[in-house]
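No value in this document is a laboratory result; all are computed from the given coordinates. In this text, all values refer to a predicted model and were calculated from it rather than measured experimentally. We place every Cβ from the backbone using ideal geometry, glycine too, and count neighbours over all the protein chains shown.
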Amino acid sequence: MKITVIGTGYVGLVSGACLAEVGNDVLCLDLDQEKIRVLETGGIPIYEPGLQDMVQRNVAAGRLHFTTDVARAVQHGTLQFIAVGTPPDEDGSADMQYVLAAARNIGRLMTDYKVVVNKSTVPVGTADKVHAAIADELRQRGAQTPYAVVSNPEFLKEGAAVEDFMRPDRIIVGASDERAILLMRALYAPFQRNRDRLVVTDARSAELTKYAANAMLATRISFMNELANLAEKLGADIEMVRQGMGSDPRIGYHFLYPGCGYGGSCFPKDVKALIKTAAADAGLNLKVLTAVEDANAAQKHVLGHKIKQRLGEDLSGRHFAVWGLAFKPNTDDMREAPSLELLADLLAAGATVTAYDPVAMSEAQRVLGDEPRIRYAQTPNEALEGADALVIVTEWKEFRSPDFELLKARLKQPLIVDGRNLYDPAWVRSQGFDYLAIGR
Ligand code: UDX
């Protein structure tokens, strides 16, 4: 199939590469010339396991191309995937200008049947707006070219995006046009294992499904974080509580880990946007989600609080080793990362920091700018030198089994503040550490 993917950000690039991988002829469009140049020369602008190999393989096979030429892109694909950004604007609602601009370009330039597939996470009702924008462009030039609009939200997890695309749990297709539905079924057939995972809904339900799934997951996390804070006060261990809860199949073990708050490009943005949409478009006050958001904002300060409780409010002259900066492992993404709040809390209290992250340090430097009070170490152990405590913010695998003897030798005092519950408290304490974890 001939496919155009508009936007070579995270979602667009992963979708484009995976669609090419199964044999499609994919052209990716981006207006950012530098990005396209990097992609054409085999580089990729983001860190995502497996993606670079896949891009290179498909470029070499002649199935994956990149362009900045809008007319060529619209001409190319029967399927036009819109995967451009929908950044939150000042009030938290998703900014739709890039999605609608892409739709207008398609309407302005198309000469044959197109299926316009919305991949970007967009407010409910966007498929209708995309439809109207294309209709308007066609009307303006007196054309009557047929087209359909499909809402096909992505459920990719950063760090596992390629795997998630290649082996999806479900594929949601929000459409009413029979021809488009048939095409979508054919498109996704190679990604179905042993059973049909494609769910056809109307466009609005598909759009809401994406927000609903992310909001539910965020709710589980905030719930567990509040429970962890409670367990700590009551002398219970949230890790035991988690296992007891998870054994109920209605609850399940997945996504039940308390920590120092959720971050990333999706949960914070989608929770905010859903609250906003409900209020603005439906006059509804989503009380549960508002609480989820508040709880998460508070949780991002939990590590800072614990440190100050132990060492005092004034941290001037104190130095901290921070392990993990990315909002979660296997990504260099710093968006809404809990590490940002922790660093701000530490600096505001007068401390200095040496941080280590396996892949996110240059991104962190870019985000944090020139900050002399934050240094970066080349190895986890190098970060420890002379620190008053080790603070763990992201659960990278390489932090899971450290050399505690070495830790003790390098730290000024044996204090570990762990925002991800990586270790058995009894074990770490038996190694002579003061160990502050979450909810235990
Ligand atoms: C999420 C959804 O999982 C994905 O389906 C959707 O398409 C996009 O948003 P992502 O943001 O990549 O994906 O990360 P995810 O692995 O879901 O983690 C989100 C945040 O929740 C991270 O900050 C993570 O540390 C936190 N988290 C996750 C917890 O605190 N506890 C958990 O049990 C799980």
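Counting only helical runs of four or more DSSP H residues, what would the 222 nm mean residue ellipticity of the chain come to if each run contributes -39,500 (n - 2.57) and the total is spread over all its residues?
-13500 deg cm²/dmol
Which longest uninterrupted range of the chain lacks any GluC sites (Glu not before Pro) assigned by DSSP to a loop state (not H, G, I, E or B) and surrounded by at most 12 other Cβ atoms within 10 Å?
91-312
Give, to the nearest whole percent, the P(r) tail of the chain beyond 39 angstrom, counting all Cα pairs.
Taking all Cα-Cα pairs of the chain, the fraction more than 39 Å apart is 27 percent.
Cα centroid distance between the stretch 252-288 and the stretch 368-437, in Å?
Cα centres, the stretch 252-288 to the stretch 368-437: 31 Å.
Report the charge-dipole magnitude of the chain in Debye, nearest 20, computed about the Cα centre from +1 at each Lys and Arg Cβ and -1 at each Asp and Glu Cβ.
Charge dipole of the chain: 760 debye, to the nearest 20.
In the stretch 216-301, what trypsin sites (Lys or Arg not before Pro) fall in a loop by DSSP, with at most 11 other Cβ atoms inside 10 Å?
250
At most 16 other Cβ atoms within 10 Å and a DSSP loop assignment: could you name the chymotrypsin sites (Phe, Trp or Tyr not before Pro) in the stretch 245-330 that fit?
Those that pass, being in a loop and sparsely packed, are 253, 255.
Checking the table 272/308; 276/306; 210/328; 2/157; 119/328; 35/300 against a 28 Å threshold on Cα-Cα, which pairs fail?
The answer is 272/308; 276/306; 35/300.
Relative contact order of the chain, please, whole-number percent, based on alpha carbon pairs below 8 angstrom and at least 6 residues apart.
About 11 percent, as a whole number.
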